[in-house]
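Notes for the one structure printed next.
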Amino acid sequence: MFTKSFNPLAVLVSPFFFALAVISLGIPHATAQSPVIIFTNSFDSLTGTTPGYFYGDAANVSHTYVSGEGVGGSVGVRISGDFKPPGNGYGGVAYQYQNGAVTGNTNTDPHNYTLSFDAKPSRTGGGLQIVLQTWSGNGYGGIGPLTSSSLTDVILGDSNVFTHCSLNLGVKLGAGADVTAHTWQIAFVMDEAPFGGPGTGDQLVIDNVSVTMGGPTWNPTNSLNTARVYQNNATLLPDGTVLIAGGYSSGLPTTSAELYIPTTGTWQPTGPLHYARYLHTSTLLKNGMVLAAGAFNLPSYFGVTELYDPQARIWTDTGALNAPRFFHTATLLANGKVLVAGGLDPHGEPLSSSEIYDPATGRWTFTTSLTTNRYGHTATLLPNGKVLAVGGQYNPPLNTAELFDPQTEQWTATAPMSIPREFHTATLLLNGKVLVTGSIGLDGVGANSNAELYDPAHESWSLTGAMNAPRQQHTATLLPNGTVLLVGGTPAAFDLAELYNPNTGTWSPTASLNTARQYHTTTLLANGKVLVAGGADPHYAPLSSAEIYDPAILLGTPFNLVNFTKLPNGTVQFTFTNTSGASFNAFGTPDLTLPFANWPVVGSITEISSGHYLFTDPDATNHAQNFYRVRTP
């Protein structure tokens with residue numbers, strides 16, 4: 001995992017006060033835990049027919065080691081069979097991998113172990129799912145105690161390419177399974193039942209089976225009180241809690257709202273919305289309130305917007321949109337106003353109109369329209385204060401992009417992307433570029449794995465590494481170390497996650513979700529972990545489950561930013577102690593709600609003596625207050 005030094009605390013400094021010391025929440029020497037390989041088998045030295053068995057309703061079954069079918073042309077295990085109509089909901093065949101090398105492990109917590117493998121499905125007219133089963137004991141075939149457990153299904157689209165899968169055994173294994181057992185047996189069961197029944201020529205290739213200890217993990221946390229999908233936004237509040245409001249639940253839009261408390265891992269009901277809504281937006285304002293705008297519900301509700309007060313925990317109505325809409329974007333501008341753009345009108349027609357909400361007056365006013373009607377697009381606030389709108393749908397999907405300038409309130413076209421995109425993600429990186437990932441497939445179905453970067457300095461696009469798995473309706477989260485975490489999505493609401501390294505432009509698999517999901521939310525918490533909540537399962541049923549991604553970044557011991565001093569000329573200084581020879585930059589802003597990727601570098605930090613660092617901000621006198629963060633360049 002790519003890592004960077006990072007201090008995630010914003011420190012308040014006023015030019016009217018000084019000698020303010022605050023303890024930071026992080027350490028600028030973050031490193032990733034290195035997983036330890038317990039066993040692995042790439043099958044490279046094996047040939048011929050594999051040990052296997054029939055499972056469910058299948059004919060013409062074969063299990064074979066095949067040279068050239070593994071990853072990179074190595075040997076892979078090919079499972080094939082023709083499905084008959086499944087009588088019990090399952091049908092398939094399995095390859096059993098038995099390993100006798102798991103010996104001498106003293107760590108008995110299965111949450112510390114991860115099963116990984118590469119899988120390539122091929123099926124006529126759809127995807128395949130893999131039902132994983134494990135057996136563990138002192139021996140197999142009746143020798144010694146034996147326990148068995150099924151793992152949650154892994155669902156793969158008909159991509160005909162390898163997908164890397166990674167599962168946490170502590171979450172997946174049932175009670176009684178022993179990770180320190182002398183023998184493991186893992187069965188990969190090919191199953192097509194979720195994709196509509198029988199087919200012919202179905203194949204599944206497995207390669208690079210391994211179990212590791214350590215590294216990133218997904219851990220379940222308490223479930224939402226209300227299962228929901230299309231909630232669209234989860235808002236991190238200034239106190240560190242997470243607000244989720246609205247969404248689609250039990251066949252209807254909902255008014256329910258709840259707060260996630262990271263310190264206890266629990267959800268608490270909070271004041272409900274006045275109007276049930278989904279496919280809306282939620283935006284944290286500079287005053288700490290949350291603006292809910294737009295909705296897909298009864299037509300009379302489309303234009304109503306409302307504000308959530310985290311202190312009183314209630315919603316109040318505010319000005320109505322001039323153009324009712326849903327499936328739009330909402331962007332907090334540098335001036336504290338909110339730009340809403342595009343979406344669908346009450347009749348389901350794409351919009352080009354844009355409008356701006358002013359929290360000071362509670363009113364919406366039209367601004368200039370997008371150059372193209374669009375919905376299902378993304379809108380990203382750039383470091384220069386402009387807003388980048390990308391892709392979306394206007395029958396067919398769009399490859400166009402445009403920029404909104406808050407100074408002139410004008411939209412202007414910028415360079416187009418390499419392919420049309422809809423239901424993609426756009427993430428502002430720490431280097432100021434925008435990473436755009438995934439989309440609905442070019443044929444209007446499925447998904448694609450294409451990713452590209454927008455450079456605001458040159459208003460140009462460039463391709464970057466393709467994702468390991470094609471996806472749409474996924475989420476992308478910028479982690480404190482600068483990497484980007486992609487989670488879930490479609491087709492088939494899979495449970496796969498991966499990380500983008502902006503230094504190398506490449507993707508790497510990370511631990512998989514415990515629950516496959518799509519249309520969910522992800523939120524970076526103050527502790528550097530990521531909360532994933534709700535969404536829909538492979539059958540589009542709303543989910544209540546939630547889980548936490550721990551990137552396994554070791555943050556170390558907190559350190560103090562001390563000796564805040566206001567100099568006679570109005571400049572501000574502070575110092576801190578760290579490892580001698582390290583390099584740091586200071587980022588500063590008077591606006592704590594600004595995403596960290598938008599914080600400007602306000603200066604470098606000088607090592608004035610061994611391990612002692614000094615920073616001086618000559619511009620601090622121009623602000624009533626200022627916030628600082630420290631990290632490596």
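The values are calculated or read from the model by the stated rules, or taken from the named source; none is laboratory data. Fair warning: this is a prediction, and the values are worked out from it, not measured in the lab. Counting neighbours? That spans all protein chains shown, and the Cβs are built from the backbone with ideal geometry, glycine included. Surface accessibility is based on the protein's heavy atoms, side chains included, excluding ligands, DNA and RNA. Shrake-Rupley method; radii C 1.70, N 1.55, O 1.52, S 1.80 Å.
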Inset, instruction - Taking 7 Å along the Cα-to-C-beta vector as the label spot, tell me the His347-Leu237 distance in nanometres, rounded to one decimal. - result: 4.0 nm
Inset, instruction - Starting from the amide H of Val602, placed 1.01 Å from N in the peptide plane, find each other amide H under 5 Å away whose residue is 5 or more places distant or on another chain. - result: Ala586, Phe587, Gly588
Inset, instruction - Whenever you get a sec, compute what percent of the accessible area on segment 282-412 sits on carbon and sulfur atoms (1.4 Å probe). - result: 51 percent
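If you stretched the chain out fully between Asp455 and Lys286, how much longer would it get, using 0.36 nm times the residue separation minus the C-alpha to C-alpha distance?
Full extension of this stretch gives 58.1 nm more.
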Inset, instruction - Starting with the highest mean, order 345-354, 360-369, 466-475 by the number of other Cβ atoms within 10 Å, averaged over the residues of each peptide. - result: 466-475, 345-354, 360-369
Inset, instruction - Which order do the peptides 532-545, 496-509 take when ranked by the mean count of other beta-carbon atoms within 10 Å per residue, highest first? - result: 532-545, 496-509
Inset, instruction - Find how much the distance from Asp358 to Ala415 grows on full extension, using 0.36 nm per residue of separation minus their present alpha carbon separation; answer in nm with one decimal. - result: 17.5 nm
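Tell me, what is the percent relative contact order of segment 410-452, built from C-alpha pairs under 8 Å that lie six or more residues apart?
30 percent.
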Inset, instruction - Grab the beta carbon distance between Val66 and Val161, set R0 = 22 Å, and tell me the FRET efficiency rounded to 0.05. - result: 0.85
Legend entry - Cα gyration tensor category, rounded, prolate or oblate, for segment 368-440 with a/c compared to 1.5: oblate
Inset, instruction - Give, in nm to one decimal, the length gained when the segment between Leu252 and His539 is fully stretched (0.36 nm per residue of separation minus the Cα-Cα distance). - result: 101.7 nm
Legend entry - Residue-normalised accessible area of segment 227-275, given per residue in Å² at a 1.4 Å probe: 38 Å²
